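Here the structure is laid out as structure tokens; the discussion comes afterwards.
The values are calculated or read from the model by the stated rules, or taken from the named source; none is laboratory data. Note that the coordinates shown come from a computational prediction; the quantities given were computed from them, not determined experimentally. Because the Cβ atoms are built from the backbone with ideal geometry, glycine has one as well, and the counts that use them run over all protein chains shown. Ligands, DNA and RNA are stripped out before the accessible areas are found, and what is left, the full protein with its side chains, is counted by its heavy atoms. Shrake-Rupley method; radii C 1.70, N 1.55, O 1.52, S 1.80 Å.
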Amino acid sequence: MTRAIYPGSFDPVTKGHLDIITRTSKIMTHLTVAVLDNPRKVATFTIEKRIEMLKLVTESYPNVEVEYFNGLLIDYALKKDTNIIVKGLRAISDFEFEFQMALVNQKLNPAIETLFMMTNSKYSYLSSSIVKEIAALGGDISSLVPEVLLDMIVTKFK
Ligand code: PNS
């Protein structure tokens, strides 16, 4: 049984996130998509909305669950009985920060392994910030977010 966690802010969920979830769920026996509930960071979408979005896009994935967490990721991993953290890598610019996080988490708990999933080239430019920027300026985000979430996201910026 190989369990893993895919953590993130998911503010909002993009097609890039869903691609990582889909591909990881085929490799792992069980995947927890974990939304960081960070009271120090103002998010555009509430934690409840982000969880609702993730549950909507993963409802047909039998081995994927969606939860929120706060505190240290390594403590949450322990609670979820896994030592595998999955992160998506889009570009070289992601690498430095992700490498640092992976090493910090490994320092805090040497049993923790961070696995990087390379982005699908279709989504290498895509981020939640880009989606928010385009939506706020009235642009078309239909190719950037899962179809089932489109209205929810567009409405937020009206
Ligand atoms: O989608 P994001 O914003 O890039 O996700 C970042 C996330 C949630 C993975 C990261 O901020 C995180 O793991 N936060 C939990 C606190 C923690 O454990 N930090 C690492 C040690 S400093």
Checking the structure you have, find out if any residue of the stretch 66-83 is in contact (Cβ under 8 Å) with a residue 24 or more places away in the chain, touching a strand residue (DSSP E or B) at 6+ places or on another chain (Cβ under 8 Å), hydroxyl-bearing (S, T, Y) and over 21 Å from T14 (Cβ atoms). yes
When every residue in the stretch 98-122 that is polar (S, T, N, Q) and open to solvent by less than 40 Å² (accessible area, probe 1.4 Å) is compared, the one modelled with the lowest pLDDT is T119
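With respect to K55, determine if the residue is under 16 Å from G8 (Cβ atoms), part of a helix (DSSP H, G or I) and more than 16 Å from the ligand (Cβ to nearest atom). I'd like the intermediate steps shown before the answer.
Numbers: under 16 Å from G8 (Cβ atoms): yes; part of a helix (DSSP H, G or I): yes; more than 16 Å from the ligand (Cβ to nearest atom): yes.
Criteria met by K55.
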Note: among E65, E48, just one is in a strand (DSSP E or B) and away from the ligand (no atom under 14 Å from the Cβ), namely E65
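Which ones in the stretch 1-19 are under 13 Å from the mean Cα position of the chain (by Cα) and either at pLDDT below 95 or within 23 Å of D151 (Cβ to Cβ) (or both)?
Taking the stretch 1-19 as the starting set, the residues that turn out to be under 13 Å from the mean Cα position of the chain (by Cα) are 4-19.
If the condition is that a residue be under 13 Å from the mean Cα position of the chain (by Cα) and either at pLDDT below 95 or within 23 Å of D151 (Cβ to Cβ) (or both), then G8, S9, F10, D11, P12, V13, T14, K15, G16, H17, L18, D19 are the ones that fit.
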Note down all Cβ pairs under 7 Å where the first residue falls in the stretch 130-155 and is within 10 Å of P12 (Cα to Cα), the second is surrounded by fewer than 16 Cβ atoms within 10 Å (Cβ to Cβ), and they're at least six residues apart or on different chains. L149/L56
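Among the residues of the stretch 94-107, are any in contact with a helix residue (DSSP H, G or I) (Cβ under 6 Å, 6 or more places away or on another chain), small (G, A, S) and within 13 Å of the ligand (Cβ to nearest atom)?
At the first step, the residues of the stretch 94-107 found to be in contact with a helix residue (DSSP H, G or I) (Cβ under 6 Å, 6 or more places away or on another chain) are 105.
Now drop any that are not small (G, A, S), which leaves none.
Within the stretch 94-107, none of the residues are in contact with a helix residue (DSSP H, G or I) (Cβ under 6 Å, 6 or more places away or on another chain), small (G, A, S) and within 13 Å of the ligand (Cβ to nearest atom).
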Does the stretch 27-38 contain at least one residue that is within 15 Å of the ligand (Cβ to nearest atom), in contact (Cβ under 8 Å) with a residue 24 or more places away in the chain and assigned to a helix (DSSP H, G or I)? no
Tell me, please, whether a residue that is polar (S, T, N, Q), more than 10 Å from the ligand (Cβ to nearest atom) and either assigned to a helix (DSSP H, G or I) or open to solvent by less than 30 Å² (accessible area, probe 1.4 Å) (or both) can be found in the stretch 83-91. no
